[in-house]
1. Give the residues of segment 240-272 that are open to solvent by 20 Å² or more (accessible area, probe 1.4 Å) and assigned to a loop (DSSP other than H, G, I, E, B), sorted by residue number.
2. Somewhere in segment 185-194, is a residue surrounded by fewer than 20 Cβ atoms within 10 Å (Cβ to Cβ), under 25 Å from Thr366 (Cα atoms) and not polar (S, T, N, Q)?
3. Can you tell me which residues in segment 294-315 are of a type in the set (Ser, Thr, Tyr) and farther than 13 Å from Cys353 by Cβ?
4. For segment 354-394, enumerate the residues that are small (Gly, Ala, Ser) and surrounded by fewer than 18 Cβ atoms within 10 Å (Cβ to Cβ).
5. Could you identify the single residue in Ala295, Ala253 that is small (Gly, Ala, Ser), modelled with pLDDT of 95 or more and touching a Cys at 6+ places or on another chain (Cβ under 6 Å)?
6. Inside segment 78-151, counting only strands (runs of 3 or more DSSP E) that do not spill past its ends, which hold 3 or more residues that are open to solvent by 50 Å² or more (accessible area, probe 1.4 Å) and either more than 20 Å from Leu186 (Cβ to Cβ) or not polar (S, T, N, Q) (or both)?
7. With the structure loaded, tell me whether Gly351 is in contact (Cβ under 8 Å) with a residue 60 or more places away in the chain and surrounded by fewer than 16 Cβ atoms within 10 Å (Cβ to Cβ) or whether it fails that test.
8. So which residues in segment 273-292 are assigned to a loop (DSSP other than H, G, I, E, B) and open to solvent by 40 Å² or more (accessible area, probe 1.4 Å), if there are any at all?
Amino acid sequence: MSDSHAHDDEEDNNNVFLDDSDIIHEVALDDEVLPEASDPIRDFNSDSDSEIEEVDDSDHIFTGHTGELYAASCSPTDMTLVATGGGDDKGFLWQINNGDWASELNGHSDSVSSLGFSHDGKFLATGSFDGTVKVWDVAGNLKGTLDGPEGGVQWLRWHPRGNILIAGFDDSSTVWMWNTDNFAFLMSFNGHASSVTCGDFTPDGRIICTGSDDATLRIWNPKSGESIHVVRGHPYHTEGITCLAINSTSTIALTGSQDGSVHFVNITTGRVVSTVPSHSSSIECVGFAPSGTWALIGGMDKMTIWDIENSLARSTCDHEYGVTCLTWLGASYVATGSMDGAVRLWDSRSGECVKMFRGHSEGIQTLSLSANREYLVSASLDHTARVFEVKDFC
């Protein structure tokens, strides 16, 4: 009999018939459109941006730029005012946690590579690869343009107590200085044999220190233009200087180089007073702790927290994607940016990473702390600037 029933099923084109006794449980269906059998199966383990929302720890995102960002600076007096510049040939003034206001700074014909506020926060200077420096008020009005030698602006710095500005240029071995009250050129500092990659006034405003691709540090008198000291040769750097920092007492300059070496120089005597064991790759950034007793050295291989008084490494932290920029948040904590797009906060006492901020999709170029020390601003190659809350670490 079973063979007969099987034969009957085949004749019914393999149809299956159910009666009420075969029903175990009824499930109500909603109006959801179900996928067709031919639709591809979604992979819930995929890292596709369209399928998984990326983690973003930022409190505010500025998206006014249409190109990579190279520079960012928070006002020293206004708690919310930020300036950014980038590869779209523009600068912007904008406010933290206020998406309704921004002032677009037009006028440069090439990337805005460097910028900074004056000591009193009344003016902003923007430097560009077009070879000019422009000065703006904080409403975004252009006050004047400063022309320099040939080559794009690599960096610029304001005097710590006056409206004096210095800048270094790509294709020039000189540093230029202007008075921005009347936009007059004051003098150039001549002596380096190659482009001047970094420089700054000492915090007391009495000295200028500059580092160059010629592997020398020069210490200048800003009134006379005289080169007081030239630091070079053994035991100093053998390749170009990449970064420079000066301690709060205006006595020590800290320099890093393409050769991975780091040296402390006495500004008064021009002598190397301490040397940090070399990194395996270029040093990208250096900075003194507010107390002046520790320093942070960031390279493309690792980060070193250096005890200056005892001349030893307090901590050495592996950094797979390199440290591209840093800023101290207070006596104990420091923030670093990296090519992986993450901003990390470190406890300098232990060398531990205590916080990581995600949000950027490309490398961080610079970091800046707000005047009230509550927010950290990061500028990235992903065309955005992001704001992270750091008040618990300052």
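1. Scanning segment 240-272 gives Ser248, Thr249, Thr251, Gln258, Asp259, Thr268, Thr269, Arg271.
2. no
3. Selection gives Thr304, Ser311.
4. Scanning segment 354-394 gives Ser361, Ala371.
5. Result: Ala253 is the single residue among Ala295, Ala253 that is small (Gly, Ala, Ser), modelled with pLDDT of 95 or more and touching a Cys at 6+ places or on another chain (Cβ under 6 Å).
6. Working: elements: 81-86, 91-95, 98-105, 112-117, 123-128, 132-137, 142-147.
Result: 98-105, 142-147.
7. no
8. As a first pass, look at segment 273-292 and keep what is assigned to a loop (DSSP other than H, G, I, E, B): 277-282, 289-292.
Once the filter is applied, which keeps residues that are assigned to a loop (DSSP other than H, G, I, E, B) and open to solvent by 40 Å² or more (accessible area, probe 1.4 Å), segment 273-292 yields Pro277, Ser278, Ser280, Pro290, Ser291.
The values are calculated or read from the model by the stated rules, or taken from the named source; none is laboratory data. Please read all numbers here as calculations on a predicted model, not as lab measurements. Counting neighbours? That spans all protein chains shown, and the Cβs are built from the backbone with ideal geometry, glycine included. The protein model used for the area step is the full one, side chains on, heavy atoms only, and it has no ligands, DNA or RNA in it. Shrake-Rupley method; radii C 1.70, N 1.55, O 1.52, S 1.80 Å.
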